[in-house]
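Any read-out appearing in this document is the output of simple, stated calculations on the displayed coordinates, not a laboratory observation. All values reported here derive from a predicted model rather than from experimental measurement. Note: ideal-geometry Cβ built from the backbone for every residue, glycine included; neighbour counts use all protein chains shown.
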Amino acid sequence: MKLSPALSAGGGVARSPKILDGKTLSRAVGRTVAAEAAAVTKRIGRAPGLAVILVGENPASKTYVAAKHKFAKECGLVTFDSHLPASTTKQELADVIEGYNNNELVDGILLQLPLPAPLDGSEFVRMIAPTKDADGLHPMNQGLLLQGAPAPRPCTPLGVMTMLDLALSNITLSDTTTLADLSPASLAGKKAVVIGRSQLVGKPMGFLLLERNATVTFAHSKTPDLPGVCREADVLVAAVGVPRLVKRDFVKPGAIVLDVGINRLPDGKLCGDVDYEDVAPISSAITPVPGGVGPMTVAMLISNTLQNCKRNNGITA
Ligand code: NAD
């Protein structure tokens with residue numbers, strides 16, 4: 001197999017890592033979705049619709065929800081907004097979800113997590129119609145992922161895979177780049193290590209890497225010699241929630257490092273699970289935080305909504 005520019009840098013200290021700019025790449029996803037959404041709108045006589053449900057006043061959740069509405073509208077989707085009080089009862093929330101399940105104008109439903117106590121997020125994610133699941137977190141869709149069958153995939157791991165495709169490509173992002181410029185990279189013969197085993201990120205991440213033929217290891221809080229396990233990786237994904245856990249001694253020179261973590265430091269600044277300054281010089285490609293995986297998660301939610309709309313309307317092209 002011909003080695004990609006990024007992976008072929010392994011074996012020595014990379015000269016200068018490729019910085020995987022999630023903001024710019026998310027705009028490339030947006031351009032792709034906007035063009036397809038316009039064609040779908042013509043064909044079915046309405047724009048794809050995304051419903052966003054927010055319960056309570058969590059400031060971070062409010063910011064994420066606003067970004068999702070904005071991105072969806074920029075791509076030509078119609079959005080529906082349900083902002084419910086923190087005092088919302090189980091029945092009230094169930095009724096809102098059911099309303100969107102039955103609304104023919106809605107193709108994607110996003111329930112912003114976490115929910116305020118005592119509401120349990122996983123209980124309500126299960127109420128979303130699997131064919132309208134925008135986040136790819138419904139148990140049926142997680143099962144379809146294990147089977148390798150078509151279904152909405154979880155947004156964050158999907159965004160990471162697109163960043164990996166960028167890392168393994170020769171393209172330079174520009175104002176005209178679309179997803180058509182990226183091809184799904186083969187990871188045959190490559191080792192991938194995912195730190196984290198959550199339902200939201202770690203587990204689906206590992207299965208998406210497996211779909212590309214990587215040899216995948218899940219590492220987690222009970223893994224002995226975490227640095228040694230991670231040093232095996234050609235592709236290292238950190239989804240932990242521990243600020244700057246991943247240091248230089250976790251990373252094989254020339255590895256691609258994808259940082260999912262978003263951690264707020266006592267001074268209010270954001271950082272990832274990777275010690276960027278320490279690791280970047282020996283990686284071949286790396287995601288910054290902020291501005292890396294985060295924007296891609298939003299973009300993939302909108303892309304999933306479009307794909308649901310196409311799938312549910314029998315549009316294959
Ligand atoms: P989680 O808490 O559900 O899971 C964390 C995982 O890390 C667990 O599986 C645990 O076993 C493992 N872990 C914890 N401490 C560890 C340690 N010291 N060593 C090795 N493994 C350890 O978290 P999550 O929902 O998977 O999120 C992980 C991180 O990703 C968080 O920082 C979260 O904010 C961030 N996140 C970012 C996005 C995005 O869009 N960029 C989306 C979702 C989550």
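Observations on the model:
- Here T217 passes the criteria (1) more than 14 Å from the ligand (Cβ to nearest atom); (2) assigned to a strand (DSSP E or B); (3) surrounded by fewer than 19 Cβ atoms within 10 Å (Cβ to Cβ) except the one numbered (1).
- The single condition among (1) near the ligand (Cβ under 8 Å from one of its atoms); (2) of a type outside the set (A, V, I, L, M, F, W, C); (3) in a loop (DSSP other than H, G, I, E, B); (4) out of contact with any strand residue (DSSP E or B) (no Cβ under 8 Å at 6 or more places or on another chain) that G241 does not meet is (4).
- Elements of type helices (runs of 4 or more DSSP H) contained in the stretch 56-127, each with 3 or more residues being in contact with a helix residue (DSSP H, G or I) (Cβ under 6 Å, 6 or more places away or on another chain) and surrounded by 15 or more Cβ atoms within 10 Å (Cβ to Cβ): 59-74
- The one condition in (1) among the aliphatic types (A, V, I, L, M); (2) out of contact with any Cys (no Cβ under 8 Å at 6 or more places or on another chain); (3) within 14 Å of the ligand (Cβ to nearest atom) that V246 fails to fulfil: (2)
- Every condition in (1) within 16 Å of the ligand (Cβ to nearest atom); (2) of a type in the set (G, A, S); (3) within 30 Å of P59 (Cα to Cα) is met by A192 except one, and the failing one is (3).
- Any chance L270 is within 14 Å of the ligand (Cβ to nearest atom), under 21 Å from the mean Cα position of the chain (by Cα) and within 19 Å of A214 (Cα to Cα): no
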